[in-house]
Amino acid sequence: MRTSGTYLRSIGVHLPPVVGIETAVAEGRYPADEVEHFQLRGAAVAGDVPAPELGLRAARQAFERSGGLSPHDLDLLLYCDVWHQGPEGWAPQYYLQQHLTGGHVPAVELRQGCCGLFNALQLAAGYLRPGGSALLVGADNHGTPLVDRWRMIEGTVMGDAGCALLLTTDTGFAELLSVNVRVVPEAEAVNDGGVPMFPPDATVGRPLDFAARNREFRNRLLHGDGAQVMLAIQTAMLELADRTLKEADLTLDDVARVAFPHVRRDDVEHRGVNWFGLTLADTTWEYGAGVGHLGVGDQFVALDHLLATGALAPRDHMMLLGFGAGTTLACAVLRILDIPPEYAS
């Protein structure tokens, strides 16, 4: 989807304090024999701060950085998440309306796995009219009894964060040139673990163990047409990135940095870096290894980090790639137009 004329006005991030991997090992939460192999350094841990509050704090920062845009100027609010947000039957986007925007703006929760903010970019870019603006929020707190953030995914630790993007059609520090999301339905069962769909896990207190579920899915592939499924994922990702770059009138050589999900190092290498002829230094993996996999926010929190550390400059291009349950694949390309003053120091 070509999205030229759509701008990122500001980013807001609320990242809780990081618990180091050494602390997790000392507390018996993370296996000591995996530290050297996976090279993870820690995870942002929000404690008992609810995910919608993380999102609200990030959204407030985005407006503080927006150069005068008001919550009452919004035309759309999209809230993205992967994990439970609060009381069952309660909607997190309305928490932001109560405490930030008011009730005039259409507000929708999106559940699209770890690619949720890419879907939000697509929807917002198609929804906005000249002069319009949208707030896209992603937030998760994984510190709940049904998950073990340190062992839920082999080679990955789960972090907590709130992330907010202000999207406009007039001006911003970066232009969204193109964004696309694609599903490989043959891999729909990657995270189901072979467990019943009903009753749902949370209603019976069934823990979420992605490591075990992914092993179960791989075993199913070994007894079926697994090679074709994995090839379909790789082909779809390469085609998606190629399409997104072409829509942006760019090639991979024009891209300064690439953001991947904050997942295990060898997955980034084998499912990303090698496919595109990159090195880990071209990616944001090193940063992600220090804060954990943040659910929907990885690539956009990493973008904020790159701006803050001076790793991006005006006229640079950045590609953001997403992998999620489904299997969902996503790609977006940005052109940096200016470095906002909040990052100047």
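The values are calculated or read from the model by the stated rules, or taken from the named source; none is laboratory data. The model shown is predicted, which means the values in this text are computed figures rather than measured ones. Every residue, glycine among them, receives a Cβ derived from its backbone with ideal geometry; neighbour counts consider all protein chains shown. Areas reflect the complete protein model, heavy atoms only, side chains present, ligands, DNA and RNA absent. Shrake-Rupley method; radii C 1.70, N 1.55, O 1.52, S 1.80 Å.
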_Top-ranked residue of segment 262-280 - restricted to ones that are under 15 Å from Leu252 (Cβ atoms) and of a type in the set (A, V, I, L, M, F, W, C), ranked as surrounded by the fewest Cβ atoms within 10 Å (Cβ to Cβ)_ = Trp275
*Take segment 276-292 and flag every residue that is part of a loop (DSSP other than H, G, I, E, B), small (Gly, Ala, Ser) and under 13 Å from the mean Cα position of the chain (by Cα).*
Gly292
*Taking Leu250 as the residue in question, decide whether it is free of Cβ contacts under 8 Å to residues at least 40 places away in the same chain and farther than 28 Å from Trp150 by Cβ.*
no
*Going by the structure shown, is Arg57 on the phi < 0 side of the Ramachandran plot, open to solvent by 40 Å² or more (accessible area, probe 1.4 Å) and in contact with a helix residue (DSSP H, G or I) (Cβ under 7 Å, 6 or more places away or on another chain)?*
no
*Just for strands (runs of 3 or more DSSP E) wholly inside segment 75-181: which have at least 2 residues that are farther than 25 Å from Gly288 by Cα and among the aliphatic types (A, V, I, L, M)?*
76-80, 107-110
*Out of Ala51, Ala44, Ala62, sole residue that is open to solvent by less than 30 Å² (accessible area, probe 1.4 Å), touching a strand residue (DSSP E or B) at 6+ places or on another chain (Cβ under 6 Å) and within 30 Å of Asp249 (Cα to Cα)*: Ala62
*asked:* Test of understanding: among Thr327, Thr251, Thr279, which residue is β-branched (Val, Ile, Thr), modelled with pLDDT under 95 and farther than 17 Å from Phe118 by Cα?
replied: Thr279
*Tell me which residues, restricted to segment 1-41, are free of Cβ contacts under 8 Å to residues at least 40 places away in the same chain and either open to solvent by less than 10 Å² (accessible area, probe 1.4 Å) or β-branched (Val, Ile, Thr) (or both).*
Val19, Thr23, Val25, Val35
*Scan (1) under 22 Å from Leu176 (Cα atoms); (2) open to solvent by 50 Å² or more (accessible area, probe 1.4 Å); (3) assigned to a loop (DSSP other than H, G, I, E, B) for the single condition Gly295 breaks and write down its number.*
(2)
*Members of segment 92-105 found to be open to solvent by 20 Å² or more (accessible area, probe 1.4 Å) and modelled with pLDDT of 95 or more, listed by number*: Tyr94, Tyr95, Gln97, Gln98, His99, Leu100
*How about segment 106-153: which of its residues are open to solvent by less than 20 Å² (accessible area, probe 1.4 Å), small (Gly, Ala, Ser), within 14 Å of Asp81 (Cα to Cα) and in contact (Cβ under 8 Å) with a residue 60 or more places away in the chain?*
Gly116, Gly138, Ala139
*What are the residue pairs meeting all of these: first residue in segment 285-300, first residue under 16 Å from Asp267 (Cβ atoms) and free of Cβ contacts under 8 Å to residues at least 12 places away in the same chain, second residue in a helix (DSSP H, G or I) and open to solvent by 10 Å² or more (accessible area, probe 1.4 Å), Cβ atoms under 8 Å, and 6 or more apart or on different chains?*
Glu286/Leu280
